[in-house]
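For reference, the structure is listed below as structure tokens.
The values are calculated or read from the model by the stated rules, or taken from the named source; none is laboratory data. These numbers were taken from a predicted model, which means no experiment stands behind them. Cβ sites come from the backbone with ideal geometry, for glycine too, and all protein chains shown count toward neighbours.
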Amino acid sequence: AQSVTQLDSHVSVSEGTPVLLRCNYSSSYSPSLFWYVQHPNKGLQLLLKYTSAATLVKGINGFEAEFKKSETSFHLTKPSAHMSDAAEYFCVVSGNTNAGKSTFGDGTTLTVKP
Amino acid sequence: EAQVTQNPRYLITVTGKKLTVTCSQNMNHEYMSWYRQDPGLGLRQIYYSMNVEVTDKGDVPEGYKVSRKEKRNFPLILESPSPNQTSLYFCASRQASGGWTGELFFGEGSRLTVL
């Protein structure tokens, strides 16, 4: 079985300040972990993914995430928020069995204040 | 351009009137899946298909049907829609390589309202 918990449903930051979106996971197998972003009225777009290579993963638009097995976490960070980062973010875990089922977190809405 | 195309993007219908939401991908992906998105609930899987003529239930399959007669197409059928199926629907696809753990490619979504 696998599950994902996004610890904050809403995060608000000021433009130019750091962003931290938190994600904890549970998986019986060696998981693959993803962060997707959804802008209003759009589909989901991949930000970055972890698939058992380097534990620090860099993605698009300056985002990165660190896989910490001991803490079962995969938090998403960005050093300096931009107005265009305002969106909903989803943490996703996929396993190597069960047809690679993807389990989504409930999402975190990021607001960026000017 | 690699893409997943859903139609219609917006639909208002009435209870009991059968409808089909189409999904087509041009990336030759084996795996396709349907999700519904409701506020505060993330994305929940409705049905998925690992290849042509192979489909299986996801977490919330009640009230939905699917078929996979061709590799590129994976339509979602609501035989008798009800108001609790009002939602935002996403189709997604991915390659079979890497143990089914690759990136999902999403359509832009279909917003369905059932009155």
Which condition from (1) surrounded by 14 or more Cβ atoms within 10 Å (Cβ to Cβ); (2) hydroxyl-bearing (Ser, Thr, Tyr); (3) in contact (Cβ under 8 Å) with a residue 24 or more places away in the chain is the one that B:Ser80 breaks? (1)
Is it true that some residue in region A:96-114 is of a type outside the set (Ser, Thr, Tyr), touching a helix residue (DSSP H, G or I) at 6+ places or on another chain (Cβ under 8 Å) and surrounded by 19 or more Cβ atoms within 10 Å (Cβ to Cβ)? yes
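Scan region A:3-21 residue by residue and report those that are over 14 Å from the mean Cα position of the chain (by Cα), not in a loop (DSSP other than H, G, I, E, B) and not β-branched (Val, Ile, Thr). Give the steps one after another, and end with the answer.
Within region A:3-21, the first condition is being over 14 Å from the mean Cα position of the chain (by Cα), and the residues that meet it are A:12-18.
If we keep only those that are not in a loop (DSSP other than H, G, I, E, B) too, we end up with A:12-14.
Selection gives A:Ser12, A:Ser14.
When the residues of region B:83-115 are narrowed to those that are in a loop (DSSP other than H, G, I, E, B) and within 21 Å of B:Arg9 (Cβ to Cβ), which ends up farthest from the other protein chains (Cβ to nearest Cβ)?
Narrowing region B:83-115 to residues in a loop (DSSP other than H, G, I, E, B): B:86, B:95-104, B:107-109, B:115.
From the residues that got through so far, the ones that are within 21 Å of B:Arg9 (Cβ to Cβ) too are B:86, B:104, B:107-109, B:115.
On the way: B:Thr86: 17, B:Leu104: 6, B:Gly107: 5, B:Glu108: 5, B:Gly109: 6, B:Leu115: 21 Å.
It comes out as B:Leu115.
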Output the number of residues of region A:44-56 satisfying the condition of being more than 11 Å from the chain's Cα centre (by Cα) and either over 20 Å from A:Pro79 (Cα atoms) or surrounded by 13 or more Cβ atoms within 10 Å (Cβ to Cβ) (or both). 5
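Considering A:Leu21, A:Leu44, which residue is of a type outside the set (Asp, Glu) and modelled with pLDDT of 95 or more? Steps first, answer last, please.
Numbers: A:Leu44 fails: modelled with pLDDT of 95 or more.
Just one listed residue meets the conditions, A:Leu21.
Please work out if A:Thr55 is away from every other protein chain (no Cβ under 12 Å) and modelled with pLDDT under 90.
yes
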Conditions (1) part of a strand (DSSP E or B); (2) away from every other protein chain (no Cβ under 14 Å); (3) surrounded by 20 or more Cβ atoms within 10 Å (Cβ to Cβ): number failed by A:Ala81: (1)
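Inspect all residues belonging to region B:33-52 and state whether any of them is assigned to a strand (DSSP E or B), in contact (Cβ under 8 Å) with a residue 60 or more places away in the chain and not aliphatic (A, V, I, L, M). Walk me through it before giving the result.
Step one: of region B:33-52, the residues assigned to a strand (DSSP E or B) are B:33-37, B:43-51.
Filter once more, keeping what is in contact (Cβ under 8 Å) with a residue 60 or more places away in the chain: B:33, B:37.
Those left that are additionally not aliphatic (A, V, I, L, M): B:33, B:37.
The answer is yes; a qualifying residue exists.
Is it fair to say A:Tyr29 is touching a strand residue (DSSP E or B) at 6+ places or on another chain (Cβ under 9 Å), under 29 Å from B:Asp59 (Cβ atoms) and modelled with pLDDT under 95?
Details: touching a strand residue (DSSP E or B) at 6+ places or on another chain (Cβ under 9 Å): yes; under 29 Å from B:Asp59 (Cβ atoms): yes; modelled with pLDDT under 95: yes.
Against the criterion (touching a strand residue (DSSP E or B) at 6+ places or on another chain (Cβ under 9 Å), under 29 Å from B:Asp59 (Cβ atoms) and modelled with pLDDT under 95), A:Tyr29 qualifies.
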With A:Asn24, A:Asn41 as the choices, which residue is out of contact with any Asp or Glu (no Cβ under 6 Å at 6 or more places or on another chain) and either surrounded by 14 or more Cβ atoms within 10 Å (Cβ to Cβ) or in a helix (DSSP H, G or I) (or both)? A:Asn24
Has region B:45-53 got at least one residue that is away from chain A (no Cβ under 11 Å), at pLDDT 90 or above and crowded, with 18+ Cβ neighbours inside 10 Å? yes
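Would you point out the residue of region B:4-24, among those that are away from chain A (no Cβ under 12 Å) and within 21 Å of B:Val54 (Cα to Cα), that is surrounded by the fewest Cβ atoms within 10 Å (Cβ to Cβ)?
Residues of region B:4-24 that are away from chain A (no Cβ under 12 Å), as a first pass: B:7-8, B:11-22, B:24.
Pick out the ones that are also within 21 Å of B:Val54 (Cα to Cα) and you get B:20-22, B:24.
On the way: B:Thr20: 13, B:Val21: 21, B:Thr22: 15, B:Ser24: 18.
Applying the filter and picking the extreme gives B:Thr20.
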Contacts under 7 angstrom Cβ, first residue in region A:64-84 being more than 15 Å from A:Leu20 (Cβ to Cβ) and modelled with pLDDT under 95, partner surrounded by 12 or more Cβ atoms within 10 Å (Cβ to Cβ) and of a type in the set (Gly, Ala, Ser), 6 or more apart: A:Thr72/A:Ser26
